[in-house]
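Read the structure below first, then the notes.
Quick note: the coordinates plus some simple rules give every number you see, no bench work behind them. Quick caveat: nothing in here was measured; it's all calculated off a predicted structure. Reconstructed Cβ throughout: ideal geometry from the backbone, glycine too, with neighbour counts over all protein chains shown.
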Amino acid sequence: MAITRVETDVLWSSSAGKTLNAATVFASDAFAFDATCVGASLAVSADNQGSPASGDTVTFYLAYTSGDLLGDTGDDYDTDEHAIMIGVVDTYATNTKGCQTSCGGAQCGHS
């Protein structure tokens with residue numbers, strides 16, 4: 001069996017992007033890995049199209065399914081509370097990851 005590279009986008013109602021608003025949870029379309037997949041990676045990004053402010057973040061979660069556990073003909077997914085957090089993307093340009101103001105800029109370069 002040959003190993004091939006298969007790239008697939010996660011979609012949001014068949015669209016490659018999603019416009020977000022404050023404190024709202026959005027779920028993507030269901031995603032299934034290619035049957036020949038032996039490894040996977042996920043890249044996430046966020047673009048603040050308005051005027052970003054400190055604290056503007058987007059949190060990404062992964063909700064697994066084990067199929068139709070409830071027997072109601074639809075796949076059942078982890079709840080928002082039980083999904084696995086993948087990470088947080090900060091959309092404010094000057095917020096440096098891991099920045100601690102107590103370092104005086106020596107570690108993270110802030111001024």
Point to revise | Spin-label pair T19/D56, simplified geometry with 7 Å Cα→Cβ offset, distance in nm | key: 1.5
**Study point:** Simple spin-label estimate for Y64 and C37 in nanometres, 7 Å along Cα-Cβ
**Key:** 1.3
